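What follows is a set of notes on a single structure, which appears directly below.
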Amino acid sequence: MKKFWMIQFIILGFCLFQTGSANLTPPSDTFILNTSIEPGDDLFNYVNTAWIKEHPLPTNKSSYTTFTEVNDKTEDQLHILFDNEASNYTSGKETLIGKFYSSGMDTETINNQSITPIAGEIALINSISTKHDLFNVSSHLIEYGIDPFFSYYADQDPTNSTWMIPQVEQGGIGLPERDYYFRNDSETVSIQEAYKNHIKNVFLLLNYSESDAKEYAGTIYNIEKEMASSHYTTVENRDPINTTHIIPWSDLQSEYPNIEWETLAAINGSGYSDKINLHQRTVIEKFDQMVDSVSLEDWKIFLLYKLVDSLSPYLSEPFEEENFDFYSHILNGIESQEPRWKRVLTVVNSAIQDEVGKKYVEMYFNAEEREKARKISHSIRETLRERIVNLTWMSDSTKQAAIEKLDAIEEKIGYPNVWLNYSNLSLSDSYVLNVLNAGKFSKIHGPNGLDKIGKPVDRTAWLMSPQTVNAYYNPTLNEIVFPAAILQPPFFDPDADDSINYGGIGAVIGHEMTHGFDDQGRLFDKDGNLRDWWNADDSAKFQKQANIIVDQYNHFEVIPGVFVNGNLTLGENIADFGGLTLAFHAWEKNGKDVSKMSGTDNITPEQKVFFSFVRIWSGVARDEYLRSDSYTNPHPWVKFRANGPSFNIPEFYEAFPSIRPDNSLYRTPEQRPVIW
Ligand SMILES: [Zn+2]
């Protein structure tokens with residue numbers, strides 16, 4: 001079965017090449033260097049200029065990176081799968097993917113129906129006449145995955161990681177994060193105005209008068225702004241201790257009396273817990289006040305807007321275009337929409353990800369590759385263990401606990417052993433109702449579903465689908481996870497030189513492992529509990545080294561006047577530094593013997609490890625995207641992920657003897673942090 005599909009895979013590559021609809025990655029071992037630049041001044045452009053020239057930013061994207069390139073390839077593979085499923089569905093076979101995808105491609109029906117499929121939900125909101133109704137209806141929306149005031153879901157208790165409890169997290173705002181409502185610079189002010197205009201346009205599409213629409217836009221903006229005033233900043237939200245407030249469920253009603261908490265517990269299919277984690281208490285305090293201070297009529301308008309705005313991408317063209325215009329064009333600078341098939345594929349792929357994932361790995365995943373990746377992962381882990389033993393700044397007792405934590409890290413590669421069973425999900429011919437019903441299914445039965453509340457944690461669950469080009473570390477499970485789709489070039493190529501694979505997937509694996517020991521991860525113990533296992537002196541030393549990294553990244557300028565936020569990106573930067581360090585040393589021990597010089601270029605195997613790393617962080621982006629990305633994304637823009645870590649690693653300077661102190665990225669040994 002798999003062999004057969006692998007032949008399909010090869011034909012697919014050929015077809016794409018012929019039609020020119022996607023560029024194939026050059027052979028993994030080839031680097032076209034930009035010799036007009038010195039690597040010590042800009043390693044990113046030294047390695048990536050050729051790729052950047054070959055990949056002009058498409059009008060329908062805000063950024064295009066190595067990850068986007070691999071993701072596009074994966075979506076082309078899924079496109080074939082989806083077309084197969086759609087034709088199976090048309091010829092009478094019951095298939096969830098086929099039915100869902102076909103409903104999304106049927107733009108004639110979608111446009112004819114406009115908002116009629118959600119008329120029942122709108123009527124429900126209009127019928128609200130008491131505060132009690134307000135909470136019943138908002139809990140009804142939450143059941144479908146539309147959380148109007150704050151996010152509500154199940155996750156592990158950070159103080160008892162074996163158990164799932166309900167979690168409340170800040171939400172309810174339409175702009176990317178709280179500071180968008182309070183900054184006064186001209187770009188932000190114009191985004192605020194554009195957002196109010198967007199809200200107004202949504203009401204105009206719902207056939208409200210110009211004056212009503214304008215008034216409602218002001219009302220909703222003010223509600224969101226007041227909510228945002230209680231939100232934590234992006235940096236505050238990185239602190240696992242300050243975002244954990246576990247209180248008895250029985251205290252909720254007396255502490256926050258205006259909120260009807262029991263309507264949440266009453267959601268059909270929800271489990272029950274005697275505890276709840278309020279990530280940001282200020283948010284709940286504020287909302288509790290606002291329940292009374294905002295009029296019922298204004299709350300109804302707010303709910304109506306949240307319903308329609310979150311469903312607009314699945315409604316008729318005018319709604320979809322309005323949504324695109326604000327969230328994609330104004331916020332991210334994107335000029336045109338992705339083709340319809342890609343938009344629908346993305347939605348279906350995330351709505352029923354296990355159903356798609358199961359078929360994706362059957363068609364495209366090679367289990368032998370998984371074994372090769374496992375070997376690299378094993379050597380990275382061994383390298384980290386040795387390095388912990390040899391650290392000069394850490395005491396023996398903390399080292400002991402660190403090694404116990406390292407040994408306990410669970411590893412998942414490829415795809416889950418257990419798939420979500422969608423047999424209770426029923427779909428119709430309405431695209432938007434399918435999105436709602438799939439949203440409801442995930443809200444109740446997904447990995448963070450409400451049916452998990454009050455139950456022991458399921459260690460087999462995956463938070464990312466196998467067809468995702470990404471990877472993660474989960475601190476409360478103390479696990480690292482590598483979906484099948486990241487095991488592709490340029491990250492991983494089973495036929496490539498070891499230097500390439502260690503600099504690529506090796507650094508990715510090292511990155512995720514280091515997350516267990518970054519400024520956030522180190523606060524969790526080997527069992528995933530928020531518990532301090534450090535002696536105070538070691539903590540202070542760690543902090544001192546981490547501050548060096550904060551300061552280094554604060555100096556990287558993204559676009560004129562906008563700098564990387566060193567505190568927001570600290571965890572990722574520690575992980576990138578650790579990941580590349582571990583990959584290099586693991587390669588020296590396990591792959592150097594069989595690594596070769598590259599082609600005619602006299603690139604040494606050592607240099608190839610670093611080049612391979614820099615290549616996975618290639619990319620181009622629009623200024624609008626870079627601005628919002630810098631404010632909100634805990635990962636710095638790829639250029640700084642390429643230029644930051646290498647210059648902290650002593651072996652990098654040995655591999656590139658031409659790099660001199662007067663190169664702009666050069667750091668003296670005293671300026672280089674030592675962490676893992
Ligand atoms: Zn990371």
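Test Ser628 against the criterion of being in the same structural domain as Asp518 (by TED's automatic domain parsing), modelled with pLDDT under 95, away from the ligand (no atom under 16 Å from the Cβ) and open to solvent by less than 40 Å² (accessible area, probe 1.4 Å), and give yes or no.
In short, yes.
Only residues that are over 14 Å from Asp309 (Cα atoms) and either open to solvent by 30 Å² or more (accessible area, probe 1.4 Å) or of a type in the set (Asp, Glu) (or both): list them for the range 319-346, please.
His329, Ile330, Asn332, Glu335, Ser336, Gln337, Glu338, Pro339, Arg340, Trp341, Arg343, Thr346
Can you spot a residue in the range 212-231 that is open to solvent by 40 Å² or more (accessible area, probe 1.4 Å) and aliphatic (A, V, I, L, M)?
No, that holds for no residue.
Output the number of residues of the range 582-614 satisfying the condition of being within 27 Å of the chain's Cα centre (by Cα) and under 15 Å from Asp498 (Cα atoms).
8
Between a residue in the range 420-442 that is assigned to a loop (DSSP other than H, G, I, E, B) and any residue that is surrounded by fewer than 19 Cβ atoms within 10 Å (Cβ to Cβ) and among the β-branched types (Val, Ile, Thr), which pairs come within a Cβ distance under 7 Å, given they are 6 or more apart or on different chains?
Listed pairs, sorted by first residue: Asp429/Thr109.
Would you check which residues across the range 254-299 are over 30 Å from Pro456 (Cβ atoms) and among the β-branched types (Val, Ile, Thr) and list them?
Those that are over 30 Å from Pro456 (Cβ atoms) and among the β-branched types (Val, Ile, Thr): Thr282, Val291, Val294.
Asn590: at negative phi and in contact with a Lys or Arg (Cβ under 6 Å, 6 or more places away or on another chain), yes or no?
So Asn590 fails the test.
Residues of the range 232-251 being over 25 Å from the mean Cα position of the chain (by Cα), open to solvent by 30 Å² or more (accessible area, probe 1.4 Å) and either without any contact (Cβ under 8 Å) to a residue 40 or more places away in the chain or not assigned by TED's automatic domain parsing to the domain that holds Thr159 (or both), which ones?
If the condition is that a residue be over 25 Å from the mean Cα position of the chain (by Cα), open to solvent by 30 Å² or more (accessible area, probe 1.4 Å) and either without any contact (Cβ under 8 Å) to a residue 40 or more places away in the chain or not assigned by TED's automatic domain parsing to the domain that holds Thr159 (or both), then Pro248, Ser250, Asp251 are the ones that fit.
State yes or no: is Ser102 more than 15 Å from Val435 (Cα to Cα) and in contact (Cβ under 8 Å) with a residue 12 or more places away in the chain?
Considered against the rule, which asks whether it is more than 15 Å from Val435 (Cα to Cα) and in contact (Cβ under 8 Å) with a residue 12 or more places away in the chain, Ser102 comes out as no.
Within the range 443-478, count every residue that is within 14 Å of the ligand (Cβ to nearest atom), outside any loop (DSSP other than H, G, I, E, B) and farther than 26 Å from Lys73 by Cα.
Of the residues in the range 443-478, 1 are within 14 Å of the ligand (Cβ to nearest atom), outside any loop (DSSP other than H, G, I, E, B) and farther than 26 Å from Lys73 by Cα.
Can you pull out the residues in the range 373-406 that are among the hydroxyl-bearing types (Ser, Thr, Tyr) and either buried (at least 18 other Cβ atoms within 10 Å of the Cβ) or in contact with a helix residue (DSSP H, G or I) (Cβ under 6 Å, 6 or more places away or on another chain) (or both)?
Ser377, Ser379, Thr383, Ser395, Thr398, listed by residue number.
Looking only at the range 652-676, filter to residues that are assigned to a helix (DSSP H, G or I) and buried (at least 16 other Cβ atoms within 10 Å of the Cβ); which one of those is nearest to the chain's Cα centre (by Cα)?
Checked the range 652-676; the qualifying residue nearest to the chain's Cα centre (by Cα) is Phe652.
Hey, among the residues in the range 581-614 that are within 21 Å of Thr49 (Cβ to Cβ) and among the aliphatic types (A, V, I, L, M), which one's farthest from the ligand (Cβ to nearest atom)?
Filtering first and then ranking leaves Ile603.
Evaluate the following for Trp617: is it open to solvent by 10 Å² or more (accessible area, probe 1.4 Å), within 24 Å of Asn554 (Cβ to Cβ), within 16 Å of the ligand (Cβ to nearest atom) and assigned by TED's automatic domain parsing to the domain that holds Phe542?
In short, yes.
Considering only the range 575-589, I want to know if a residue exists there that is out of contact with any Phe, Trp or Tyr (no Cβ under 9 Å at 6 or more places or on another chain) and outside any helix (DSSP H, G or I).
No, every residue in the range 575-589 fails to be out of contact with any Phe, Trp or Tyr (no Cβ under 9 Å at 6 or more places or on another chain) and outside any helix (DSSP H, G or I).
Rundown of residues vs (1) closer than 25 Å to Asp498 by Cβ; (2) touching an Asp or Glu at 6+ places or on another chain (Cβ under 7 Å); (3) at pLDDT below 95, yes/no style:
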site	(1), (2), (3)
Ser377	yes, yes, no
Arg385	yes, no, no
Trp393	no, no, no
Asp396	no, no, no
Lys399	no, no, no
Ile409	yes, yes, no
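Output the residues belonging to the range 631-646 that are surrounded by 20 or more Cβ atoms within 10 Å (Cβ to Cβ) and either away from the ligand (no atom under 15 Å from the Cβ) or not in a loop (DSSP other than H, G, I, E, B) (or both). Spell out the reasoning first.
Initial filter on the range 631-646 (surrounded by 20 or more Cβ atoms within 10 Å (Cβ to Cβ)): 636-646.
Across the range 631-646, the qualifying residues are Val638, Lys639, Phe640, Arg641, Ala642, Asn643, Ser646.
What tally of residues in the range 111-167 results from selecting those that are closer than 30 Å to Asn529 by Cα and without any contact (Cβ under 8 Å) to a residue 24 or more places away in the chain?
1
Could you tell me how many of the residues in the range 479-488 are closer than 18 Å to Arg615 by Cβ and either more than 16 Å from the ligand (Cβ to nearest atom) or outside the structural domain of Arg531 (by TED's automatic domain parsing) (or both)?
Here the count works out to 3.
The values are calculated or read from the model by the stated rules, or taken from the named source; none is laboratory data. Owing to the predicted nature of the structure, the values given are computational and were not obtained by experimental measurement. So basically every Cβ, Gly included, is an ideal-geometry build from the backbone, and we count neighbours across all protein chains shown. For the accessible areas, the whole protein counts, side chains as well, though only heavy atoms, and no ligand, DNA or RNA atoms are used. Shrake-Rupley method; radii C 1.70, N 1.55, O 1.52, S 1.80 Å.
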